[in-house]
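Note sheet for the following structure.
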Amino acid sequence: MQARYDIAILGGGVIGLALARALALAPKTPALAVIDASSRIPPATLAAAGMLTPSFEDALGGDALYDLGAASLDMWPAFAASLVEETGADIDFRGDGVFGVAVDAAGAQKLDAQYEALTGRGVDVALMTGAEARALEPALSDRIAAALHAPRDAQVDPVKLFAALRLSLERRGASLIDDHVAAAERQSDGWRVTLGEGGGVVADQIVVATGAASGWVIDGVPRPPVFPVKGEAFSIAAPPAPASVTRVIRGPGAYVCPKAGGRIVIGATEQEGRDDLAVSAAGIESLRNGAAEIVPALQNCAEIARWAGLRPATPDGAPILGVALRGARGAWLALGHHRNGVLLAPASAAALATEILGEKPAIDLAPFRPDRFG
């Protein structure tokens with residue numbers, strides 16, 4: 001007999017895990033299963049840098065999407081504290097701000113326009129000269145012409161976050177199934193989910209949170225317009241202070257994310273439509289040069305690792321959140337968070353979990369419905 005659950009989440013990246021935890025925290029906890037294919041298809045979560053930076057995301061230019069990102073950033077300190085308290089895990093959450101920097105007049109003009117747009121929204125940001133930025137981060141290059149400082153933007157270690165979310169769900173009694181989904185079919189007694197390695201589960205409701213996975217598994221439901229955007233990144237051993245930085249620095253050719261343990265993550269390239277995980281020497285060299293342009297001491301630091309990941313993108317840059325199309329009763333979508341899955345996880349999870357449990361979420365999900373694509 002197949003195991004039965006109230007809700008089965010198809011996908012075990014940060015969105016699927018955060019949603020499962022939000023459901024598990026409900027007063028009446030549903031019986032949950034998370035089907036995680038990360039051993040076969042690595043989630044974008046594990047390739048991410050973990051930046052929580054709505055102030056610097058051009059894709060968040062629309063009001064609804066920016067508001068979702070800002071609301072999720074507001075939730076992050078409590079979300080992180082609760083997860084750490086529950087699991088005892090260190091997720092390296094840092095709420096110490098983020099710099100965007102420019103190395104020429106054109107870049108400085110873009111920062112100025114960004115500053116005007118953000119202050120018009122009431123966001124706490126500061127426009128600085130290069131000298132003012134170097135007073136806070138002495139390792140920045142003398143070439144820095146201007147900087148935009150967002151003191152409330154933050155970062156987290158996504159690999160540690162991934163492990164902590166799984167630990168939380170294990171302790172709360174959720175079933176974590178390490179397999180991939182071959183098919184999901186609506187039958188009279190609920191959704192029958194067939195697993196790739198054999199067997200399956202039955203659930204009253206399912207949530208598709210499969211990221212940029214190439215296969216589409218729901219029988220009778222049209223595939224939503226989610227496509228991969230490949231990104232390459234690498235990590236280096238940080239130089240000793242004061243030659244290194246303490247905050248996230250976003251430059252024109254790369255971002256620099258200092259992590260615990262003397263590690264710095266540098267990324268990331270963008271290649272739309274690529275679904276392979278090969279890492280190119282040219283891509284890494286470009287990122288290293290971009291990082292050295294803004295933090296010169298990073299040019300010759302020893303490389304620790306390099307990797308690639310697939311961001312799940314949509315035509316309008318916004319996630320897909322809500323009930324699936326064509327009246328697929330009991331089927332929900334949590335897809336298309338592109339490069340902001342880690343940032344948007346708390347807000348997306350809280351809002352969709354509330355809706356799945358039959359209540360009205362505090363965040364309006366209307367702009368993110370699947371049917372907006374027709």
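The values are calculated or read from the model by the stated rules, or taken from the named source; none is laboratory data. On a predicted model such as this, the values are computed, not experimentally measured, just so you know. Backbone-built Cβ (ideal geometry, glycine too); neighbour counts: all protein chains shown.
Output the residue which, of all residues in region 267-294 that are of a type in the set (A, V, I, L, M) and in contact with a strand residue (DSSP E or B) (Cβ under 6 Å, 6 or more places away or on another chain), is surrounded by the fewest Cβ atoms within 10 Å (Cβ to Cβ).
Step one: of region 267-294, the residues of a type in the set (A, V, I, L, M) are 268, 277-279, 281-282, 284, 287, 291-292, 294.
Filter again for in contact with a strand residue (DSSP E or B) (Cβ under 6 Å, 6 or more places away or on another chain), leaving 268, 277, 279, 284, 287, 291, 294.
Values: Ala268: 24, Leu277: 14, Val279: 16, Ile284: 18, Leu287: 22, Ala291: 25, Ile294: 27.
My answer is Leu277.
With the condition kept exactly as written, say whether any residue in region 287-306 is among the basic types (Lys, Arg) and in contact with a Pro (Cβ under 9 Å, 6 or more places away or on another chain). Write out each step before concluding.
Our first condition is that a residue be among the basic types (Lys, Arg); within region 287-306, this holds for 288, 306.
Those still in the list that are in contact with a Pro (Cβ under 9 Å, 6 or more places away or on another chain) too: none.
Within region 287-306 (the criterion being among the basic types (Lys, Arg) and in contact with a Pro (Cβ under 9 Å, 6 or more places away or on another chain)), the answer is no, since none of the residues qualifies.
Can you tell which of Ala81, Ala33 is farther than 13 Å from Leu344 by Cα and part of a strand (DSSP E or B)? Let's see the steps before the verdict.
Working: Ala81 fails: part of a strand (DSSP E or B).
That would be Ala33, the only listed residue that is farther than 13 Å from Leu344 by Cα and part of a strand (DSSP E or B).
Which pairs do you get when a residue that is over 14 Å from Val101 (Cα atoms), found in region 277-296, comes within reach of a residue that is surrounded by fewer than 19 Cβ atoms within 10 Å (Cβ to Cβ) and basic (Lys, Arg), reach meaning Cβ atoms under 6 angstrom, with the pair 6+ apart or on two chains?
Taking only residues 6 or more apart or on different chains, the pairs are Val279/Arg306; Ile284/Arg306.
Among (1) farther than 30 Å from Asp316 by Cβ; (2) surrounded by fewer than 24 Cβ atoms within 10 Å (Cβ to Cβ); (3) modelled with pLDDT of 95 or more; (4) of a type outside the set (Gly, Ala, Ser), there is one condition Pro240 misses while meeting the rest; what is its number?
In the conditions (1) farther than 30 Å from Asp316 by Cβ; (2) surrounded by fewer than 24 Cβ atoms within 10 Å (Cβ to Cβ); (3) modelled with pLDDT of 95 or more; (4) of a type outside the set (Gly, Ala, Ser), Pro240 misses (3) alone.
Looking for something more than 22 Å from the chain's Cα centre (by Cα), assigned to a helix (DSSP H, G or I) and farther than 30 Å from Val295 by Cα - is there at least one such residue anywhere in region 171-179?
Yes, region 171-179 contains a residue that is more than 22 Å from the chain's Cα centre (by Cα), assigned to a helix (DSSP H, G or I) and farther than 30 Å from Val295 by Cα.
Could you check region 47-78 and list, in sequence order, the residues that are of a type outside the set (A, V, I, L, M) and assigned to a helix (DSSP H, G or I)? Steps first, answer last, please.
Residues of region 47-78 of a type outside the set (A, V, I, L, M): 50, 53-58, 61-63, 66-67, 69, 72, 74, 76-77.
Scanning region 47-78 gives Pro54, Ser55, Phe56, Asp58, Asp63, Tyr66, Asp67, Gly69, Ser72, Asp74, Trp76, Pro77.
So which strands (runs of 3 or more DSSP E) stay within region 285-374 end to end and still have 2 or more residues that are touching a Ser or Thr at 6+ places or on another chain (Cβ under 8 Å) and within 30 Å of Ile264 (Cα to Cα)?
Working: elements: 303-313, 320-323, 331-335.
In region 285-374, the matching strands (runs of 3 or more DSSP E) lie at 303-313.
Suppose we filter region 203-216 for residues that are under 26 Å from Leu46 (Cα atoms) and buried (at least 22 other Cβ atoms within 10 Å of the Cβ); how many remain? Steps first, answer last, please.
Narrowing region 203-216 to residues under 26 Å from Leu46 (Cα atoms): 206-216.
Next, from what is left, pick out any that are buried (at least 22 other Cβ atoms within 10 Å of the Cβ): 206-213.
The total comes to 8.
Filter region 1-18 for residues that are outside any loop (DSSP other than H, G, I, E, B), under 26 Å from Asp157 (Cα atoms) and more than 13 Å from the chain's Cα centre (by Cα) and give the result. If you could, list the steps in order and put the result at the bottom.
Start the filter on region 1-18 by keeping residues that are outside any loop (DSSP other than H, G, I, E, B), which leaves 3-10, 14-18.
Narrowing the set further to residues that are under 26 Å from Asp157 (Cα atoms) leaves 9-10, 14-18.
Hits for region 1-18 are Ile9, Leu10.
Are there any strands (runs of 3 or more DSSP E) wholly within region 240-284 with 2 or more residues that are among the charged types (D, E, K, R), more than 20 Å from the chain's Cα centre (by Cα) and within 26 Å of Ala213 (Cβ to Cβ), and if so which?
Numbers: elements: 248-250, 255-259, 263-267.
Because the criterion is at least 2 residues that are among the charged types (D, E, K, R), more than 20 Å from the chain's Cα centre (by Cα) and within 26 Å of Ala213 (Cβ to Cβ), no strands (runs of 3 or more DSSP E) in region 240-284 meet it.
So if I check each of Gly200, Gly107, Gly120, which one is modelled with pLDDT under 95, surrounded by 14 or more Cβ atoms within 10 Å (Cβ to Cβ) and not charged (D, E, K, R)? Before you say what the answer is, go through the steps one by one.
Details: Gly107 fails: modelled with pLDDT under 95; Gly120 fails: surrounded by 14 or more Cβ atoms within 10 Å (Cβ to Cβ).
Gly200 is the lone residue from the list that is modelled with pLDDT under 95, surrounded by 14 or more Cβ atoms within 10 Å (Cβ to Cβ) and not charged (D, E, K, R).
Which numbered condition trips up Ser39, out of (1) outside the structural domain of Gly196 (by TED's automatic domain parsing); (2) surrounded by fewer than 24 Cβ atoms within 10 Å (Cβ to Cβ); (3) hydroxyl-bearing (Ser, Thr, Tyr)?
Condition (1) is where Ser39 drops out.
Would you check if Arg339 is in contact (Cβ under 8 Å) with a residue 40 or more places away in the chain, farther than 17 Å from Thr45 by Cβ and among the basic types (Lys, Arg)? Step through it out loud before you land on a result.
Details: in contact (Cβ under 8 Å) with a residue 40 or more places away in the chain: yes; farther than 17 Å from Thr45 by Cβ: no; among the basic types (Lys, Arg): yes.
Considered against the rule, which asks whether it is in contact (Cβ under 8 Å) with a residue 40 or more places away in the chain, farther than 17 Å from Thr45 by Cβ and among the basic types (Lys, Arg), Arg339 comes out as no.
Considering every residue within region 48-66, establish whether at least one is within 19 Å of Gly336 (Cα to Cα), crowded, with 16+ Cβ neighbours inside 10 Å and without any contact (Cβ under 8 Å) to a residue 60 or more places away in the chain.
Within region 48-66 (the criterion being within 19 Å of Gly336 (Cα to Cα), crowded, with 16+ Cβ neighbours inside 10 Å and without any contact (Cβ under 8 Å) to a residue 60 or more places away in the chain), the answer is yes, since at least one residue qualifies.
I'd like to verify a number: residues in region 208-266 that are among the β-branched types (Val, Ile, Thr) and over 30 Å from Leu140 (Cβ atoms), how many?
Initially, region 208-266 is screened for residues among the β-branched types (Val, Ile, Thr), giving 208, 210, 217-218, 221, 226, 229, 236, 245-246, 248-249, 256, 264-266.
Add one more test, that the residue is over 30 Å from Leu140 (Cβ atoms), and what stays is 208, 210, 217-218, 221, 226.
Looking only at that region, the number is 6.
Residues Ala102, Ala44, Ala24: which one is under 30 Å from Trp216 (Cβ atoms) and either surrounded by fewer than 24 Cβ atoms within 10 Å (Cβ to Cβ) or modelled with pLDDT of 95 or more (or both)? Please lay out each step first, then the result.
On the way: Ala102 fails: under 30 Å from Trp216 (Cβ atoms); Ala44 fails: either surrounded by fewer than 24 Cβ atoms within 10 Å (Cβ to Cβ) or modelled with pLDDT of 95 or more (or both).
Sole residue among the options that is under 30 Å from Trp216 (Cβ atoms) and either surrounded by fewer than 24 Cβ atoms within 10 Å (Cβ to Cβ) or modelled with pLDDT of 95 or more (or both): Ala24.
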